[in-house]
Each structure stands twice: as C-alpha cells, then as structure tokens.
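The values are calculated or read from the model by the stated rules, or taken from the named source; none is laboratory data. All values derive from a computational prediction rather than experimental measurement. Here the Cβ positions follow ideal geometry from the backbone for every residue, glycine too, while neighbour counts run over all protein chains shown. Accessible surface areas use protein heavy atoms only, side chains included; no ligands, DNA or RNA. Shrake-Rupley method; radii C 1.70, N 1.55, O 1.52, S 1.80 Å.
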Amino acid sequence: MPSIFYQKLRITIYSNDHPPPHAHVFGQNWEIKINLSNPPSLISILGKPKIDQVRKSLMGVYLNLDSLQKIWITYHEQN
C-alpha cells in the first residue's frame, strides 16, 4: 500500500481498490477519499476533520497528483 506524506497527512492508494482512481487521506480519527481528477475532488469524508484539514488534504493530493496517478496506473491498469 504505497503512501505519500504531506504535512503530517498520509495519502494512500490501495492496490486492490476499485475505480474511479482515488486516494485515501488519513488524519487523526478521520479519512477523506479524493478523486484523482484534475483538479482533485472530494468523494467522501469519514469522521470529523476540520475544514482546514479538508483543504490541506485536497492540496496534498493536488501537489502530488502526477505521482498518485502513476501509482494508481501501476496497480490498477496493468495489462
């Protein structure tokens, strides 16, 4: 399960996950699922992150979008 860290948040892509391409961002007692579109968009929020944590999560995915998309392709779109 590859992860990227951004300002103490863990951004993860599960190798056995389902489409659409997305990442999971983990904070303390919460998880945000973000679509790997350009620009990234929210899919779901579990727990109660503060609005600043949601913004930071979206920014972390945005700033690492190329790497996250490549990771998704590596695990999900191999022929």
Self-check item: Dipole of the chain [Lys/Arg +1, Asp/Glu -1 at C-beta], most positive-end residue of PRO19, PRO2, ILE73
Solution: PRO2
Quiz item: Tell me, in nm to one decimal, what length is gained between ARG10 and SER37 on full extension, where the rule is 0.36 nm per residue of separation less the Cα-Cα distance?
Solution: 7.9 nm
Quiz item: 222 nm [θ] for the chain, helices only, -39500 (n - 2.57) per DSSP H run of 4+, per residue, to 500?
Solution: -10000 deg cm²/dmol
Quiz prompt | Estimated FRET transfer efficiency (LYS50, ILE73; beta-carbon r; R0 30 Å; 0.05) | solution = 0.40
Quiz item: Which value, to two decimals, describes the C-alpha radius of gyration of the stretch 3-51 once divided by 2.2 N^0.38 Å?
Solution: 1.10
Exercise. Find the relative contact order for the chain and round it to a whole percent, using C-alpha pairs within less than 8 Å whose residues are 6+ positions apart.
Key: 25
Practice problem: Can you sort GLU77, GLU31 by 1.4 Å-probe accessible area, starting with the largest? | Solution: GLU77, GLU31
Exercise. Would you work out what percent of the accessible area of the chain, with all protein chains in place, is carbon or sulfur (probe 1.4 Å)?
Key: 52
Self-check item: Counted charge near THR74, where neighbours are those whose Cβ lies closer than 15 Å (Asp, Glu -1; Lys, Arg +1)
Solution: -2
Self-check item: Solvent-accessible area per residue for the chain (1.4 angstrom probe, square angstrom)
Solution: 65
Exercise. Please give the helix 65-76 orientation as an angle from the longest Cα principal axis of the chain, in degrees from 0 to 90, rounded to the nearest 10.
Key: 50
